[in-house]
Amino acid sequence: MTEAREPAGPHARRAPGTPCWVSLMAHGLAATEEFYGELFGWEFRPGPQQLGPYVRALLDGHEVAGMGQLPPDRRLPIAWTPYLASDDVDRTAEAVRLCGGTVAVGPLDAAEAGRMAIAADPSGAVFGIWQGATHLGAAITGVPGTPAWNELVTFETESVSKFYATVFGYEREPVVSADFDYVTLHLAGHPVAGLHGVGHALPRDRGPHWKTYFEVADADATVRQVADLGGRVVRQPQDSPHGRVATVADPEGAEFSVIQNPH
């Protein structure tokens, strides 16, 4: 995962259910741009303004993420949100409702970019649905500063994995372990996202939520830089089977994880 890959490109269609974009809604967009620009080397250009001020983050000219500004009167959580690809957002939104989820925003057109909705699963975890037109999500992966993985942190995986499998057609692969509740979601045999059941360890002030992992060259150095830039360290770097991982928060409190892949 160290070389740049363009798995589908910004104009190609992604298989329904594929995580294709991550977006952050913040209160102070300029300060948020400054933080992530310093941390990941992102540059920014304006994006669709349907939900207020919005920018797309670019790395070496490739779109990797989006950021919007929350209206002052909206008490929404400051959080990174993954978007899952759909061939028909309206039909997917209806499936979300039929399966016990809710649709909070849309479906609506995002200028020339496509059509989108923001939904929540039955446990309350928020995610986006994206039907691409010209722009269809992140155009580069596998290099520092790009999203590497999306993981749902929830109470338990059994019922919520059925929801995602029914709505998006995932195959489910549980991790067989007496003390570890984890399900990997697959499309066409490839892992695309994870569901982690943590029971009572779930933070009460957050509830179930999706978490985005960003690839970095050096997890320890990134954690130090986050602190220098006004963010905070939630979980110090530690080694895992997939690489060295840490969890941090930006100055507004949006949590995300960083992963340094073993070379």
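The values are calculated or read from the model by the stated rules, or taken from the named source; none is laboratory data. No experiment lies behind these values; they were computed from the predicted model shown. When we count neighbours, we look across all protein chains shown, and the Cβ atoms used for this are built from the backbone with ideal geometry, even at glycine.
So, in region 27-54, exactly how many residues are modelled with pLDDT of 95 or more, under 17 Å from residue 81 (Cα atoms) and in contact with a Phe, Trp or Tyr (Cβ under 6 Å, 6 or more places away or on another chain)?
Qualifying residue count, region 27-54: 2.
Among the residues of region 187-235, which ones are free of Cβ contacts under 8 Å to residues at least 12 places away in the same chain and either in the same structural domain as residue 38 (by TED's automatic domain parsing) or in contact with a Phe, Trp or Tyr (Cβ under 9 Å, 6 or more places away or on another chain) (or both)?
Listed by number, the list holds a single entry, 200.
Any chance region 165-179 includes a residue that's in the same structural domain as residue 256 (by TED's automatic domain parsing), more than 16 Å from residue 82 (Cβ to Cβ) and of a type in the set (Phe, Trp, Tyr)?
For region 165-179, residues in the same structural domain as residue 256 (by TED's automatic domain parsing), more than 16 Å from residue 82 (Cβ to Cβ) and of a type in the set (Phe, Trp, Tyr): absent.
Would you check if residue 71 is buried (at least 20 other Cβ atoms within 10 Å of the Cβ) and not β-branched (Val, Ile, Thr)?
Considered against the rule, which asks whether it is buried (at least 20 other Cβ atoms within 10 Å of the Cβ) and not β-branched (Val, Ile, Thr), residue 71 comes out as no.
Being modelled with pLDDT under 80 and either crowded, with 17+ Cβ neighbours inside 10 Å or in a loop (DSSP other than H, G, I, E, B) (or both) narrows it down to one residue among 82, 7; which is it?
7
What do you reckon, is residue 129 buried (at least 23 other Cβ atoms within 10 Å of the Cβ), touching a strand residue (DSSP E or B) at 6+ places or on another chain (Cβ under 9 Å) and part of a strand (DSSP E or B)?
Criteria met by residue 129.
Taking the criterion of being aliphatic (A, V, I, L, M), outside the structural domain of residue 221 (by TED's automatic domain parsing) and assigned to a helix (DSSP H, G or I), would at least one residue in region 96-115 satisfy it?
Kept after step one, since they are aliphatic (A, V, I, L, M), are these residues of region 96-115: 96, 98, 103-105, 108, 110-111, 113.
With outside the structural domain of residue 221 (by TED's automatic domain parsing) added as a condition, the list becomes 96, 98, 103-105, 108, 110-111, 113.
After this cut, where a residue has to be assigned to a helix (DSSP H, G or I) as well, the list is 96, 98.
Yes, because at least one residue in region 96-115 is aliphatic (A, V, I, L, M), outside the structural domain of residue 221 (by TED's automatic domain parsing) and assigned to a helix (DSSP H, G or I).
Would you check if there is a residue in region 246-257 being within 27 Å of residue 18 (Cβ to Cβ), under 19 Å from the mean Cα position of the chain (by Cα) and not in a strand (DSSP E or B)?
yes
Given the condition over 27 Å from residue 195 (Cβ atoms) and either at pLDDT 95 or above or out of contact with any Leu (no Cβ under 9 Å at 6 or more places or on another chain) (or both), answer yes or no: does some residue in region 91-101 qualify?
No, region 91-101 contains no residue that is over 27 Å from residue 195 (Cβ atoms) and either at pLDDT 95 or above or out of contact with any Leu (no Cβ under 9 Å at 6 or more places or on another chain) (or both).
Scan region 132-149 and tell me whether some residue there is modelled with pLDDT of 85 or more, over 17 Å from the mean Cα position of the chain (by Cα) and crowded, with 17+ Cβ neighbours inside 10 Å.
no
Can we say residue 192 is modelled with pLDDT of 95 or more and under 20 Å from residue 24 (Cβ atoms)?
No; evaluated as a whole, the condition is false for this residue.
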